[in-house]
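The values are calculated or read from the model by the stated rules, or taken from the named source; none is laboratory data. Being a predicted model, the structure only gives us computed values, none of them experimental. Here Cβ is always computed from backbone atoms with ideal geometry, including for glycine, and neighbour counts include all displayed protein chains. Accessible surface areas use protein heavy atoms only, side chains included; no ligands, DNA or RNA. Shrake-Rupley method; radii C 1.70, N 1.55, O 1.52, S 1.80 Å.
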Amino acid sequence: MATVLIVDDFKAGQRLVSAMLKFTNYNVIGLDSGDAAVDYLHANPVDLIITDIDMPDMDGIELCQYIKQHADFYHIPVVMLTAHHSNQTRYASMEAGADDYLTKPVSKPELVRLVEQILPQGDAAGAVMDVA
């Protein structure tokens with residue numbers, strides 16, 4: 001089962017993304033900071049990261065840069081999921097190595113379609129959410 005890491009300092013945001021993925025066959029892990037995500041990555045395999053941009057300490061763009069510059073993690077797709085609608089933020093995200101950029105509010109079909117394009121083994125088995 002593929003693992004999707006949701007990084008958002010807003011727990012309700014983590015739960016919303018998990019709920020959108022609940023009819024897919026992904027293990028969904030929720031973390032509330034970029035620093036926690038880095039620690040998690042060093043101990044656990046992940047197949048996809050969906051991150052917010054605005055977070056304390058390490059923001060989503062910094063997290064993406066870290067992942068894409070690290071030999072053990074650069075292959076992991078990173079999707080930015082943010083309330084920022086500006087081209088400047090989109091450009092900064094892509095420069096950091098983001099694989100895609102979605103703006104909030106995101107629709108369930110849009111999110112599921114994107115995740116299934118990246119991780120096509122999804123099916124109707126039900127996502128598991130583990131919020132740390």
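Sort out which residues of the range 1-21 are surrounded by fewer than 17 Cβ atoms within 10 Å (Cβ to Cβ) and either in contact (Cβ under 8 Å) with a residue 24 or more places away in the chain or in a strand (DSSP E or B) (or both), and write them in order of number. Step through it out loud before you land on a result.
Narrowing the range 1-21 to residues surrounded by fewer than 17 Cβ atoms within 10 Å (Cβ to Cβ): 1, 10-12, 15, 19.
Passing the criteria: Met1, Phe10, Lys11, Arg15.
Looking only at the range 46-103, count every residue that is free of Cβ contacts under 8 Å to residues at least 24 places away in the same chain and among the basic types (Lys, Arg) and tell me the total.
Number of matching residues: 1.
Looking at the range 22-34 only, could you name the residues that are in a loop (DSSP other than H, G, I, E, B) and either surrounded by fewer than 20 Cβ atoms within 10 Å (Cβ to Cβ) or modelled with pLDDT of 90 or more (or both)?
The answer is Lys22, Phe23, Asn25, Asp32, Ser33.
Kindly provide the set of residues from the range 35-66 that are surrounded by fewer than 24 Cβ atoms within 10 Å (Cβ to Cβ), small (Gly, Ala, Ser) and closer than 19 Å to Arg15 by Cβ, ordered by number.
The one that is surrounded by fewer than 24 Cβ atoms within 10 Å (Cβ to Cβ), small (Gly, Ala, Ser) and closer than 19 Å to Arg15 by Cβ: Ala36.
Please pick out the residue among Thr89, Thr103 that is polar (S, T, N, Q), surrounded by fewer than 16 Cβ atoms within 10 Å (Cβ to Cβ) and more than 17 Å from Lys11 (Cβ to Cβ). Break it down into steps so the answer makes sense when it comes.
Working: Thr89 fails: surrounded by fewer than 16 Cβ atoms within 10 Å (Cβ to Cβ).
Of Thr89, Thr103, the one residue that is polar (S, T, N, Q), surrounded by fewer than 16 Cβ atoms within 10 Å (Cβ to Cβ) and more than 17 Å from Lys11 (Cβ to Cβ) is Thr103.
Check Met94 against each of (1) of a type in the set (A, V, I, L, M); (2) open to solvent by 20 Å² or more (accessible area, probe 1.4 Å); (3) within 17 Å of Gly13 (Cα to Cα); (4) modelled with pLDDT of 95 or more and name the one condition it does not meet.
Every condition holds for Met94 apart from (3).
Name, by its number, the condition in (1) exposed (fewer than 15 other Cβ atoms within 10 Å of the Cβ); (2) outside any helix (DSSP H, G or I) that does not hold for Pro109.
All conditions are met except number (2).
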